[in-house]
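Below is one structure; the comments refer to it alone.
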């Protein structure tokens with residue numbers, strides 16, 4: 001693989017940030033990192049000491065049945081206990097755990113003591129409905145406190161939660177419920193999104209209509225102000241508020257074995273069948289705690305806000321488990337970033353004095369597209385640290401984030417990780433690492449990355465591999481251990497974890513993520529990651545976002561088709577098209593000129609904001625697209641298809 005990026009700007013953390021950071025300076029980071037590789041069991045044993053264990057472990061790592069690794073084998077613990085009881089015992093009971101704000105502007109505030117009470121009540125209500133340790137529970141809720149409460153209640157009694165983003169279709173619910181043999185679904189009558197109340201219960205009813213395994217549906221009432229039609233099925237459906245009204249406030253946390261299944265989280269698979277990623281208890285507990293503490297440099301007085309949904313792994317690890325284990329106050333927001341207007345996020349930061357802000361590159365590009373006027377005039381001085389998650393961030397978006405939101409004083413932690421890894425794998429340490437725009441930089445403690453060819457040779461640009469096991473790693477694909485091995489341990493003789501991404505290493509020994517290996521294009525013998533091509537387009541001041549896909553070409557092997565979104569108010573014309581081609585000529589070379597450039601108001605994205613390049617390839621090749629109902633805006637696809645046929 002070739003790399004065309006030429007980004008060398010360095011942004012060291014300020015001396016003030018370094019002085020007060022958990023990890024101050026690169027020497028401190030390197031010393032800890034070397035220790036974590038030379039004595040991983042000692043390092044992870046020490047990391048676990050901060051947490052509560054009903055019984056300590058017999059061994060830190062059992063690698064006897066690789067790749068089915070075991071961490072902290074022999075121990076007993078409980079993640080709900082470590083998120084709540086442990087913090088209350090430490091005197092944090094009256095500290096705010098969650099500032100919640102609904103899209104219409106309604107608010108709630110939960111202290112750690114209040115959150116503990118709500119979790120215990122719901123856990124007892126679940127047990128009263130017959131839920132037992134090991135039972136699978138699907139959770140399909142908007143971003144309301146009951147979503148976090150339901151997750152923690154399941155963890156408290158040992159039920160396995162499977163959170164489904166409240167925006168997925170009935171078909172998606174059915175597939176996940178049947179695969180995991182879910183016995184209970186927790187949902188809401190509705191949830192707000194861009195001023196509308198989505199009727200969630202109706203979607204659940206359609207999704208589980210043919211699922212005989214579902215015996216209970218519990219419904220949280222969200223639509224008080226805007227009631228929605230919510231038919232209740234006798235004998236199966238119950239109202240949340242009625243179930244928790246007459247139960248005890250006390251629920252003893254179940255003592256969980258280290259490798260007891262904590263949750264399933266489904267990701268899409270290339271075969272079309274979703275993969276139920278399995279995460280177990282003890283290792284994930286330690287990894288989520290430690291990555292949160294160090295990557296976000298968490299302090300007692302921080303107000304943290306991650307804009308993800310709990311329906312994604314980011315919400316599991318960096319809203320619920322990792323953040324609450326650290327006893328931090330956080331913001332949860334229910335709705336869209338542009339309701340009632342495009343300044344909503346900055347209003348929330350100002351209102352709650354957010355100090356740590358963690359969001360996705362696709363959101364940052366949307367902010368850029370909407371214009372600086374929504375940021376100007378807002379007081380963002382409370383911010384001290386920024387973060388990005390979900391995909392590589394292009395340098396221009398990074399610089400805008402650094403200047404407009406961080407006022408050139410806040411370190412940016414550009415984090416690379418996956419649903420499967422459970423937590424951060426590559427990331428700057430905010431008090432140590434001089435950052436580069438768009439670069440994931442250095443590995444987290446205990447993570448040993450390598451960049452390899454297919455036959456295992458170390459190269460500057462190639463396929464990313466992870467050489468050592470880590471506590472947060474997935475333990476399998478639910479019901480399909482062979483698929484687990486075939487997907488993640490299929491290269492290099494099964495010795496190393498294969499994340500499916502391309503990467504390169506630069507002169508500072510920093511690692512750059514080049515995008516999915518599937519998104520590498522081969523143009524006239526040049527193998528290039530599409531992420532780097534897209535970054536060239538976004539360098540243009542009038543371009544908000546871009547996606548590049550390869551299509552068959554009889555001479556070049558593959559030709560390039562570019563889909564480009566421009567900022568509001570900019571015309572789509574041949575002049576802009578020529579400017580973009582000139583940028584490609586200058587930055588990469590004429591061989592990388594796209595065959596066609598299509599301008600659009602948006603790009604097809606998943607509900608988590610990731611661009612669906614597979615759909616763009618299908619559009620470019622004239623293929624049938626299949627089901628697009630799980631996209632954030634299926635209408636975008638029709639617009640692009642129409643444009644492609646006309647151009």
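The values are calculated or read from the model by the stated rules, or taken from the named source; none is laboratory data. Every value quoted in this text rests on a predicted model; they were computed, and no experiment measured them. Here Cβ is always computed from backbone atoms with ideal geometry, including for glycine, and neighbour counts include all displayed protein chains.
Okay, residues lined up against (1) at pLDDT below 95; (2) more than 30 Å from residue 483 (Cβ to Cβ); (3) not in a loop (DSSP other than H, G, I, E, B):
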position: 187; (1), (2), (3): no, no, yes
position: 192; (1), (2), (3): yes, yes, yes
position: 205; (1), (2), (3): no, yes, yes
position: 219; (1), (2), (3): no, yes, yes
position: 222; (1), (2), (3): yes, yes, no
position: 245; (1), (2), (3): no, yes, no
position: 251; (1), (2), (3): no, yes, no
position: 254; (1), (2), (3): no, no, no
position: 276; (1), (2), (3): no, no, yes
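Does the stretch 512-538 hold any residues that are more than 14 Å from residue 391 (Cα to Cα), touching a residue at least 60 places away in the same chain (Cβ under 8 Å) and part of a strand (DSSP E or B), and which are they?
Across the stretch 512-538, the qualifying residues are 520, 523, 526, 527, 528.
Residue 380 - would you say it is assigned by TED's automatic domain parsing to the domain that holds residue 401, under 30 Å from residue 425 (Cα atoms) and part of a loop (DSSP other than H, G, I, E, B)? It would help to see each step written out before you state the result.
Details: assigned by TED's automatic domain parsing to the domain that holds residue 401: yes; under 30 Å from residue 425 (Cα atoms): yes; part of a loop (DSSP other than H, G, I, E, B): yes.
Yes; evaluated as a whole, the condition is true for this residue.
Is it the case that the stretch 391-401 has a residue that's outside the structural domain of residue 535 (by TED's automatic domain parsing), within 21 Å of residue 277 (Cβ to Cβ) and either crowded, with 24+ Cβ neighbours inside 10 Å or without any contact (Cβ under 8 Å) to a residue 24 or more places away in the chain (or both)?
Applying the first criterion (outside the structural domain of residue 535 (by TED's automatic domain parsing)) to the stretch 391-401 yields 391-401.
Among the residues that remain, those that are also within 21 Å of residue 277 (Cβ to Cβ) are: 391.
Now narrow it down to the ones that are either crowded, with 24+ Cβ neighbours inside 10 Å or without any contact (Cβ under 8 Å) to a residue 24 or more places away in the chain (or both): none.
Within the stretch 391-401, not a single residue is outside the structural domain of residue 535 (by TED's automatic domain parsing), within 21 Å of residue 277 (Cβ to Cβ) and either crowded, with 24+ Cβ neighbours inside 10 Å or without any contact (Cβ under 8 Å) to a residue 24 or more places away in the chain (or both).
Evaluate the following for residue 555: is it in contact with a helix residue (DSSP H, G or I) (Cβ under 6 Å, 6 or more places away or on another chain) and either assigned to a helix (DSSP H, G or I) or surrounded by fewer than 16 Cβ atoms within 10 Å (Cβ to Cβ) (or both)?
Details: in contact with a helix residue (DSSP H, G or I) (Cβ under 6 Å, 6 or more places away or on another chain): no; either assigned to a helix (DSSP H, G or I) or surrounded by fewer than 16 Cβ atoms within 10 Å (Cβ to Cβ) (or both): yes.
So residue 555 does not fit the description; no.
Which condition from (1) assigned to a loop (DSSP other than H, G, I, E, B); (2) in contact with a helix residue (DSSP H, G or I) (Cβ under 9 Å, 6 or more places away or on another chain); (3) more than 18 Å from residue 540 (Cα to Cα) is the one that residue 633 breaks?
Against the list (1) assigned to a loop (DSSP other than H, G, I, E, B); (2) in contact with a helix residue (DSSP H, G or I) (Cβ under 9 Å, 6 or more places away or on another chain); (3) more than 18 Å from residue 540 (Cα to Cα), residue 633 comes up short only on (2).
Taking residue 214, is it assigned to a loop (DSSP other than H, G, I, E, B), modelled with pLDDT of 95 or more and in contact with a helix residue (DSSP H, G or I) (Cβ under 6 Å, 6 or more places away or on another chain)?
Here the answer is yes, as residue 214 does meet what is asked.
Taking the options 311, 327, 335, 283, name whichever one is surrounded by fewer than 23 Cβ atoms within 10 Å (Cβ to Cβ) and in contact with a strand residue (DSSP E or B) (Cβ under 8 Å, 6 or more places away or on another chain). Break it down into steps so the answer makes sense when it comes.
On the way: 311 fails: surrounded by fewer than 23 Cβ atoms within 10 Å (Cβ to Cβ); 327 fails: in contact with a strand residue (DSSP E or B) (Cβ under 8 Å, 6 or more places away or on another chain); 283 fails: surrounded by fewer than 23 Cβ atoms within 10 Å (Cβ to Cβ).
335 is the lone residue from the list that is surrounded by fewer than 23 Cβ atoms within 10 Å (Cβ to Cβ) and in contact with a strand residue (DSSP E or B) (Cβ under 8 Å, 6 or more places away or on another chain).
Does any residue of the stretch 172-181 turn out to be modelled with pLDDT of 95 or more, part of a loop (DSSP other than H, G, I, E, B) and buried (at least 19 other Cβ atoms within 10 Å of the Cβ)?
no
Looking at (1) more than 21 Å from residue 370 (Cα to Cα); (2) loosely packed, with under 15 Cβ neighbours inside 10 Å, can you tell me which one residue 573 breaks?
(1)
Every residue, every condition in (1) in the same structural domain as residue 611 (by TED's automatic domain parsing); (2) under 15 Å from the mean Cα position of the chain (by Cα); (3) more than 30 Å from residue 85 (Cα to Cα); (4) part of a loop (DSSP other than H, G, I, E, B), yes or no:
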{"position": "316", "(1), (2), (3), (4)": "no, yes, no, no"}
{"position": "319", "(1), (2), (3), (4)": "no, yes, no, no"}
{"position": "323", "(1), (2), (3), (4)": "no, yes, no, no"}
{"position": "327", "(1), (2), (3), (4)": "no, no, no, yes"}
{"position": "337", "(1), (2), (3), (4)": "no, no, yes, yes"}
{"position": "342", "(1), (2), (3), (4)": "no, no, yes, yes"}
{"position": "345", "(1), (2), (3), (4)": "no, no, yes, no"}
{"position": "351", "(1), (2), (3), (4)": "no, no, no, no"}
{"position": "368", "(1), (2), (3), (4)": "no, no, yes, no"}
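Determine which member of the set 265, 290 is modelled with pLDDT of 95 or more and not in a helix (DSSP H, G or I).
Numbers: 290 fails: not in a helix (DSSP H, G or I).
After ruling out the rest, the residue left standing is 265.
In the stretch 62-113, how many are assigned to a helix (DSSP H, G or I) and closer than 20 Å to residue 259 by Cβ?
Going residue by residue through the stretch 62-113, those that are assigned to a helix (DSSP H, G or I) are 79-83, 85-92, 112-113.
After this cut, where a residue has to be closer than 20 Å to residue 259 by Cβ as well, the list is 79-83.
Total meeting the criteria: 5.
Which residue is surrounded by the fewest Cβ atoms within 10 Å (Cβ to Cβ), if the candidates are limited to the stretch 224-243 and must be touching a strand residue (DSSP E or B) at 6+ places or on another chain (Cβ under 8 Å) and in a loop (DSSP other than H, G, I, E, B)?
My answer is 233.
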